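**Student:** Starting off with a structure, shown below.
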Amino acid sequence: MNLSLFADDDYAPLGPAPLAPGATASVLLRGFALPYLDEMLPALDAIVLAAPLRHMATPGGLRMSVAMSNCGALGWVTDARGYRYAGLDPVSGQPWPPMPPVFLRLAQEVALAAGYPGFTPDACLVNRYAPGARMALHQDRDECDFTAPIVSVSLGLPATFLFGGAQRADKAARIALLHGDVVAWGGADRLRFHGVAPLKEGEHALLGAQRINLTFRKAA
Ligand code: MD6
Ligand code: FE
């Protein structure tokens with residue numbers, strides 16, 4: 001008889017937990033961002049004031065349902081010319097707002113806790129999902145250095161994160177991401193397909209009828 005309280009692989013106590021079975025280089029940190037939010041939310045307001053959220057177009061000409069902005073030295077953009085990182089906001093012609101120190105601190109604390117010391121993100125993509133918005137399965141492969149992890153912070157309404165495998169057709173795990181949850185992945189999982197299911201209607205006490213996702217990357 002097995003008397004261990006912790007024998008079940010699916011049991012997720014406090015602290016880092018694998019994002020999905022077999023995804024050993026991916027970590028879910030429930031609520032890790034919560035202590036940072038008093039400082040982060042005003043900084044986020046200032047970012048989207050300077051670089052407003054906008055619906056970009058895919059290279060194929062489709063309007064994305066997720067509205068996006070960036071902060072940091074580089075920002076992720078998409079248009080008819082393709083997906084890439086750019087130092088200037090194409091809407092304003094100005095540099096993206098700098099990455100607030102509290103954003104950098106959170107990303108680095110997460111990376112350390114997830115087993116990726118020395119993470120120095122130069123880009124933070126801000127994604128806003130209104131109810132119905134979704135992100136199709138994709139790989140993050142516009143960065144120069146796949147040895148650096150990606151750190152992803154979820155705020156506001158809950159979402160169902162889809163975490164697949166190395167092939168688009170691989171079955172994806174479904175993980176609920178709640179306000180303050182953080183995901184980090186890299187290493188062998190860095191190029192896994194992933195996405196977000198259509199956001200359900202709802203009202204979040206702090207953020208209203210939306211989900212905000214921040215992803216920190218080392219783009220250059
Ligand atoms: C999102 N996230 O959660 C979309 N990519 O809104 C991503 O596409 C993503 O969360 C790479 C690493 C973490 C992510
Ligand atoms: Fe992604």
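The values are calculated or read from the model by the stated rules, or taken from the named source; none is laboratory data. Source: prediction; values computed, not measured. Because the Cβ atoms are built from the backbone with ideal geometry, glycine has one as well, and the counts that use them run over all protein chains shown.
**Student:** Can we say ARG174 is assigned to a loop (DSSP other than H, G, I, E, B), of a type in the set (Lys, Arg) and loosely packed, with under 14 Cβ neighbours inside 10 Å?
**Tutor:** On the way: assigned to a loop (DSSP other than H, G, I, E, B): no; of a type in the set (Lys, Arg): yes; loosely packed, with under 14 Cβ neighbours inside 10 Å: yes.
Criteria not met by ARG174.
**Student:** Looking at the range 134-147, which of its residues are part of a loop (DSSP other than H, G, I, E, B) and more than 9 Å from ligand 1 (Cβ to nearest atom)? It would help to see each step written out before you state the result.
**Tutor:** Going residue by residue through the range 134-147, those that are part of a loop (DSSP other than H, G, I, E, B) are 134, 139-147.
Those that are part of a loop (DSSP other than H, G, I, E, B) and more than 9 Å from ligand 1 (Cβ to nearest atom): ARG134, ARG141, ASP142, GLU143, CYS144, ASP145, PHE146, THR147.
**Student:** Oh, and also: Does ALA188 satisfy being surrounded by fewer than 18 Cβ atoms within 10 Å (Cβ to Cβ), at pLDDT below 95 and either among the basic types (Lys, Arg) or more than 13 Å from ligand 1 (Cβ to nearest atom) (or both)? Write out each step before concluding.
**Tutor:** Numbers: surrounded by fewer than 18 Cβ atoms within 10 Å (Cβ to Cβ): yes; at pLDDT below 95: yes; either among the basic types (Lys, Arg) or more than 13 Å from ligand 1 (Cβ to nearest atom) (or both): yes.
So ALA188 passes the test.
**Student:** If you scan the range 197-220, which residues turn out to be over 27 Å from GLY87 (Cβ atoms) and either among the polar types (S, T, N, Q) or crowded, with 19+ Cβ neighbours inside 10 Å (or both)?
**Tutor:** Taking the range 197-220 and keeping what is over 27 Å from GLY87 (Cβ atoms), we get 197-211.
Result: LEU199, GLN210, ARG211.
**Student:** A further question follows. Is it the case that GLY180 is away from ligand 2 (no atom under 16 Å from the Cβ), surrounded by fewer than 23 Cβ atoms within 10 Å (Cβ to Cβ) and at positive phi? Don't jump to the end; show me each part of the working.
**Tutor:** Details: away from ligand 2 (no atom under 16 Å from the Cβ): yes; surrounded by fewer than 23 Cβ atoms within 10 Å (Cβ to Cβ): yes; at positive phi: yes.
Considered against the rule, which asks whether it is away from ligand 2 (no atom under 16 Å from the Cβ), surrounded by fewer than 23 Cβ atoms within 10 Å (Cβ to Cβ) and at positive phi, GLY180 comes out as yes.
**Student:** Still on this structure, I have one more. Could you list, ordered by first residue, the pairs with Cβ atoms under 8 Å in which the first is in the range 82-111 and under 15 Å from SER152 (Cα atoms) and the second is surrounded by fewer than 16 Cβ atoms within 10 Å (Cβ to Cβ), at least 6 apart or interchain?
**Tutor:** Once the first residue is under 15 Å from SER152 (Cα atoms) and sits in the range 82-111, its partners that are surrounded by fewer than 16 Cβ atoms within 10 Å (Cβ to Cβ) give VAL102/GLU39; GLN108/THR120; ALA111/PRO117; ALA111/GLY118.
**Student:** Something else about it: Test ALA114 against the criterion of being at pLDDT 95 or above, away from ligand 2 (no atom under 14 Å from the Cβ), closer than 20 Å to GLY187 by Cβ and buried (at least 21 other Cβ atoms within 10 Å of the Cβ), and give yes or no.
**Tutor:** On the way: at pLDDT 95 or above: no; away from ligand 2 (no atom under 14 Å from the Cβ): yes; closer than 20 Å to GLY187 by Cβ: yes; buried (at least 21 other Cβ atoms within 10 Å of the Cβ): yes.
Judged against the criteria, ALA114 is not a match.
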